[in-house]
Amino acid sequence: MSLQRKDVLGLEDMSAEEILLVLDIASRFRAVFDRPVRSVPIMRGRTVVNFFHEPSTRTRISFELAEKRLSADIVNFSVATSSFSKGETLRDTAENLAAMKIDMLVVRHGSSGAAQYLSRVLACPVINAGDGCHEHPTQGLLDIMTMHQRLGDMRGKKVTIIGDIAHSRVARSNIWGLNKLGAEVTVCGPPTMVPGNIARMGVTVEYDLKKAVAQADVLNVLRIQLERGAGGDFPSNREYHRMYGITEDVVRGLKPEAFVMHPGPMNRNVEISSEVADGPRQVILDQVANGVAVRMALIYLLSGGDPGALASGEAA
Amino acid sequence: MEWSWQRIPAEYLVTGVKLARGGKIAARKGYLHVKKGRVEALGVGKPTAEGLPVLEADGLILAPGFIDTHVHFREPGEEEKETVATGSRAAAAGGFTTVVTMPNTDPTIDNPGLVRYVIDRGNEAGLCRVLPAGAVSIGRQGQGLAELGAMVEAGARAFTDDGSPIENGKLMAAALKYGNLLGVPIMSHAEDRSIVGSGCMHGGYWSTRLGLTGMARAGEDAAVFRDIELARASGGHLHVCHVSTRGAVDIIRRAKADGINVTAEATPHHFSLDHSRCRDYSPRFKMNPPLRETDDVAAVADGLADGTIDCIATDHAPHTATEKELQFDQAPFGVIGLETAFAVGVTYLVEEGRLDLGQLIACFSERPARVLGLPLGSLEDGAEADFVLLDPSGEWTVDATTLHGRSENSCFLGDRLRGRVMATFMRGRLTWRATEPSLT
């Protein structure tokens, strides 16, 4: 089996088989990381454009690293340096990129649906690196990979996502992907950040943190976007921390094997206390490493890579 | 239809038609006798007059010319989207003989000179009656009341800050009092922006799923409620624009039962489509108020059926293709609607059994005429001969290349609809004909 699709725009339209294939290939690439030479020549001579229309550090670096480890040629452009600041439309940018015959586009954009739009205009594969509040499929995949490594088959596993669900593309990608794999997802946060209608996406809505985490196998703690400003969706950082912060106290109430994830960057002592962030129950840096592997896997599979070839030792 | 004439004569008969009047459609065929642009006579059976040129429109429905209480013709200032002339062409093709233009142009229609300007452009085009609505506040800034009296003298028929709500309740109260004094409705774009915020689609499951900022229904409900209480206090005529929520329909229904001087309109897209249409992020489905839930769609249709909502208005809001190609959250609000309105009504209201055809036609003619206090929309003897010939069972596909306005931002592109406008006449003159060659 290989990935029979042009783009990865979200986990909403990916099947369980596709997700598991990506995780399988990603785990093989992770093995490469421990070798003295960490790159493979799979993408030599092909150009990947990283188009970041929104500030990003870790996702951009993770993609760049993935591309470099596959030996791709890389062009970066971000909002500060692109002609977007001169009022060019997304359509014009897309047509320019198409004319330049790039081999793959990685796009981060502040507007929900922007990656979908570009994928319709461009003939090359498009990977969504986050569109507005919609989806962030590579984050979703790396989160699921991190869970899958520890929990195996995700069917019946209980995952609780905590934070600003309404504005989180990470939450949506987690929800779609985990549902595909048969996990049971609960979302938790203040009602200003967790719309009740999200239950229709196939999750349990629980506003009481203690109840939301009691049976969980995993907590995925989202970053609170402080730039949105306290006072609207929540009264203050302190109040948020008191009611929904993941503290030692919360962790003590978890099942013994349960662990804590965070997509980063963390607001210490807002959504997660420093003790937990640095403690034995978190797997945050593992998520980071898996992120590079998942992105390598997607780039490899979307550029026509054969999973069988990889198994027979091309990467290993 | 027999079209043997080279020109429309000064006096003629239209025969073989089923007359639609008073919310009903005559069972027997009848005729209309037009003389010098006015209705000379009409009735069932054979016409009494003899020896006149005859337009044989066998089996078509003859209805009063349609009246749209809410269009944006964009002139002056945004002529790349639409002009009074191109909008009038679209209106005629949709069966409309009278339209009320919104004042949110650049500059705003907030003084008698600009009211006259729009009327003159309409007369030049000569395809429909263009009745301007003036702005309630100077520059639509929501601060000082514009000179409503002077604008009424110049020909303004209603007032509104449409596009923006009037946030200041005291200003709205003053507008209703002045409207009462001058005998014109105040049309309210009812939206509490402190609730709606920066939303770009209806706030519900689909906005959550798509990650787009939602506009809560409560924003419309609360604003309608406020305006109705102000209308109650002032006695002025409040006309609620583009009603889209179940809550607003209920509030208006209660207000009417209380005897408050309130009327309301609803758009074709709000009684036909729900928010799931936004699923592909196409700005063709972005408008304000937004497409709502299925129960709202049903409530709007019910409101039209029981008379809570008086009329169908298109909120025809042209935008250029360039603007409508932006990302959903960046694209402007608004969709066109003049040329699809009747067919959407037939397809979604009549075919679905919510209204009968006679009621639907009344929603486009005598009911909006009553809202505006115009002696139109019912083809009384002696009235100006504004009428439309309709084929309610004719099917057609909405095609951007055959639309007559300047913009193509329709919700219904590519859709197969039932209900065709075959010909439109204003003051007895042909303004539109579905089949070539057209008469002049």
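Tabulated results
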read-out: Long-range HN-HN contacts of A:THR204 with modeled amide H, under 5 Å; value: A:VAL185, A:THR186, A:VAL187
read-out: Helix A:58-69 axis, angle to chain A major axis (alpha carbon atoms, nearest 10°); value: 40 degrees
read-out: Centroid-to-centroid separation of region B:225-247 and region B:282-316 [C-alpha atoms, Å]; value: 16 Å
read-out: Considering only the protein assembly as shown, percent of DSSP beta bridges that pair antiparallel, nearest 5; value: 35 percent
read-out: Spin-label model distance (nm) - B:GLU79 vs B:ASP356, 7 Å beyond Cα toward Cβ; value: 4.8 nm
read-out: Cβ-Cβ FRET estimate between A:THR204 and A:VAL121, R0 fixed at 35 Å, reported to 0.05; value: 0.35
read-out: Euclidean distance of C-alpha centroids, region B:103-177 and region A:126-202, integer Å; value: 50 Å
read-out: J(HN,Hα) series, region B:206-213, from Karplus relation 6.51 cos²θ - 1.76 cosθ + 1.60, nearest Hz, glycine and proline x; value: 5, 5, 5, 5, 7, x, 10, 6
read-out: For B:ASP68, residues with placed amide H under 5 Å, excluding near neighbours; value: B:THR98, B:VAL99, B:VAL100
read-out: Cα centroid separation - region B:400-434 against region A:244-316, whole Å; value: 57 Å
read-out: Per-residue HN-Hα couplings for region B:397-406 [Karplus 6.51, -1.76, 1.60; θ = phi - 60°; Hz; x = Gly/Pro]; value: 10, 6, 10, 4, 6, 10, 6, 9, x, 8
read-out: Residues with amide H under 5 Å from that of B:ASP192, placed H, sequence gap 5 or more; value: B:GLU220, B:ALA223
read-out: Kyte-Doolittle mean at least -1.0 and Cα axial length at least 24 Å: DSSP H helices in chain B; value: B:217-234
read-out: Sites A:ASP306 and B:THR322 - FRET efficiency at Förster radius 41 Å, r taken between beta-carbons, to 0.05; value: 0.45
read-out: Selection from B:LEU181, B:GLY65, B:GLY163 lying farthest towards where the dipole of region B:55-181 points positive, charges on Cβ; value: B:LEU181
read-out: Region B:65-372 - share of DSSP beta bridges that are antiparallel (%, nearest 5); value: 5 percent
read-out: Student exercise, region A:1-142 dipole from Lys, Arg, Asp, Glu Cβ charges, in Debye to nearest 20; value: 560 debye
read-out: Potential lengthening between B:GLU11 and B:GLN143 on full extension [0.36 nm per residue; Cα-Cα distance subtracted]; value: 42.4 nm
read-out: Simple label model, 7 Å out from Cα along Cβ direction - B:THR435 to B:ARG38, nm; value: 3.3 nm
read-out: Proximal lysine pairs, chain B, alpha carbons under 30 Å, eight or more residues apart or interchain; value: 16
read-out: Per DSSP, loop GluC sites (Glu not before Pro) in region B:88-174 with at most 11 further Cβ within 10 Å; value: none
read-out: Cα-centre dipole for chain B with unit charges at Cβ (Lys and Arg positive, Asp and Glu negative), debye to 20; value: 660 debye
read-out: Carbon and sulfur %, accessible surface of the protein assembly as shown computed with the full protein complex present, 1.4 Å; value: 48 percent
read-out: Estimated distance in nm for a label pair at B:SER276 and B:ASP250, the labels positioned 7 Å out from Cα along Cα-to-Cβ; value: 2.4 nm
read-out: Minimum 50 Å² accessible area buried by the other protein chains, region A:185-200 residues, probe 1.4 Å, relative to alone; value: A:ASN197, A:ARG200
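The values are calculated or read from the model by the stated rules, or taken from the named source; none is laboratory data. None of the values given here were measured: they were computed from a predicted structure. Every residue, glycine as well, gets a Cβ built from its backbone with ideal geometry; the counts of neighbours run over all protein chains shown. The protein model used for the area step is the full one, side chains on, heavy atoms only, and it has no ligands, DNA or RNA in it. Shrake-Rupley method; radii C 1.70, N 1.55, O 1.52, S 1.80 Å.
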